[in-house]
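Chemist: Here it is: the structure, laid out below.
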Amino acid sequence: MTTTATKPDFYSVINERHSVKKYDASHKMTKEEIHQLLEDSQKAPSAWNLQHWKFLVLESDEAKAKALPIAYGQQQVADASIVVCILADTEANKNADPVFEEAVQKGYMPREVKDSLIQQIEGAYTIPDMGKDQALMNSSLSAMQLMLVAKGMGYDTCAMGGFDRQKMTEEFHIPSRYIPTMLISVGKAAEAAYPSTRFQVEDVTIWETF
Ligand SMILES: Cc1cc2nc3c(=O)[nH]c(=O)nc-3n(C[C@H](O)[C@H](O)[C@H](O)COP(=O)(O)O)c2cc1C
């Protein structure tokens with residue numbers, strides 16, 4: 001984040017993030033805030049740094065109204081300030097050249113390393129389902145980061161997997177390279193999230209081996 005205003009600490013962000021469904025429909029995020037949100041979400045890690053995602057931002061009332069029935073009428077889609085559709089990039093191997101070339105130009109990576117990494121990636125991407133698996137795994141990290149960054153900025157979010165991917169693709173002309181995986185509403189909470197529970201650490205932890 002780039003501003004110096006007081007920010008909640010990391011543990012407040014992770015403890016207070018919950019899926020908010022009721023938003024102040026009159027609240028607008030500024031373009032600078034949206035840019036900051038996406039810039040900080042973009043810092044998520046990814047395999048080979050291929051950054052296997054795009055953010056399709058629905059900001060206008062018209063775009064959100066189009067997405068509302070696609071998300072089966074989930075009202076947060078209409079009332080949030082923005083809805084970000086996470087697009088998983090199934091051809092992120094194509095990002096290798098621009099990503100590594102910049103690293104070479106900046107002196108972060110010798111050119112031989114770039115060439116060898118590209119060979120490695122192209123080899124890996126011949127494995128069946130590799131492009132899709134990598135896209136789903138890595139783009140989810142950017143989605144999580146986006147929800148935490150939003151909370152850090154004083155906004156709330158709700159991830160939504162409940163939407164018609166085919167209709168989303170058609171309505172917003174999403175190229176076949178990308179899979180729309182998640183919608184994330186971002187806005188000012190009008191009502192607190194429902195409380196949620198988690199398994200105990202013991203329930204989800206396996207030490208050493210099954
Ligand atoms: C991938 C994913 C898909 C989800 N889909 C929906 C959804 O379609 N609609 C909804 O209201 N909440 C959805 N949620 C929110 C979850 O129900 C919520 O994260 C979970 O119950 C835990 O609550 P919390 O986020 O408030 O801690 C989704 C969450 C994730 C991570």
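Chemist: By the gyration tensor of its Cα atoms, with a ≥ b ≥ c the square roots of the eigenvalues, what is the shape of the stretch 113-192: rounded for a/c under 1.5, prolate for a/b over b/c, or oblate?
Modeler: Since a/c reaches 1.5 but b/c is at least a/b, the shape of the stretch 113-192 is classed as oblate.
Chemist: Which value, in debye to the nearest 20, gives the size of the charge dipole of the stretch 146-210 about its Cα centre, when Lys and Arg are +1 and Asp and Glu are -1 at the Cβ?
Modeler: Numbers: 6 positive and 8 negative charges, 56 e Å.
Computed charge dipole of the stretch 146-210: roughly 260 debye.
Chemist: Right, another one. Just add up the charged neighbours of S12: K/R +1, D/E -1, any other residue whose Cβ is under 15 Å from the Cβ of S12.
Modeler: 0
Chemist: For the stretch 1-127, with only Lys/Arg (+1) and Asp/Glu (-1) charged at the beta-carbon, what is the dipole magnitude about the Cα centre, in debye rounded to 20?
Modeler: 280
Chemist: With axes computed from alpha carbons, what is the tilt in degrees of helix 31-41 against the longest principal axis of the chain, rounded to the nearest 10 within 0 to 90?
Modeler: The answer is roughly 50 degrees.
Chemist: What length, rounded to one decimal in nm, is gained on full extension from L136 through to N49, with 0.36 nm per residue of separation minus their alpha-carbon distance?
Modeler: Net length gain for the segment: 29.9 nm.
Chemist: Tell me the angle of helix 111-124 to the major Cα principal axis of the chain, expressed in degrees between 0 and 90 and rounded to the nearest ten.
Modeler: 70
Chemist: Considering only DSSP beta bridges with both partners in the stretch 10-189, what is the antiparallel share in %, to the nearest 5?
Modeler: Just about 95 percent of them are antiparallel.
Chemist: F100: net charge of surrounding residues, Cβ under 15 Å, Lys/Arg +1, Asp/Glu -1, itself excluded?
Modeler: -2
Chemist: Give me the distance between the Cα centres of the stretch 65-90 and the stretch 164-180, rounded to whole Å.
Modeler: The two parts, judged by their Cα centres, are 12 Å apart.
Chemist: For a bin width of 5 Å, list the pair-distance distribution of the stretch 10-189 built from all Cα-Cα distances, rounded to whole %.
Modeler: Calculated over all Cα pairs of the stretch 10-189, the distribution is 1, 8, 16, 18, 18, 15, 10, 7, 4, 2, 0 percent.
Chemist: Measure nothing but the geometry: give the 0 to 90° angle between the long axis through the Cα atoms of 96-105 and the longest principal axis through the Cα atoms of the chain, rounded to 10°.
Modeler: Its long axis makes an angle of about 80 degrees.
Chemist: Another one. Which entries in the list K21/K188; K22/K188; K167/K188; K64/K188 go over 18 Å, if you measure between the two C-alpha atoms of each?
Modeler: Violating the 18 Å Cα-Cα cut-off are K167/K188.
Chemist: Measure out, as a whole number of angstrom, how far apart the alpha-carbon centroids of the stretch 2-51 and the stretch 185-204 sit.
Modeler: That distance is 16 Å.
Chemist: Can you put R198, R177 in order, fewest other beta carbons within 10 Å first?
Modeler: Values: R198 7, R177 15.
Least to most surrounded, the residues fall as R198, R177.
Read the figures in this text as sums done on the coordinates, not as results from a lab. This one's a predicted model, so the numbers in the text were calculated from it and none came from an experiment. Cβ: placed from backbone, ideal geometry, glycine included. Neighbour counts: every protein chain shown.
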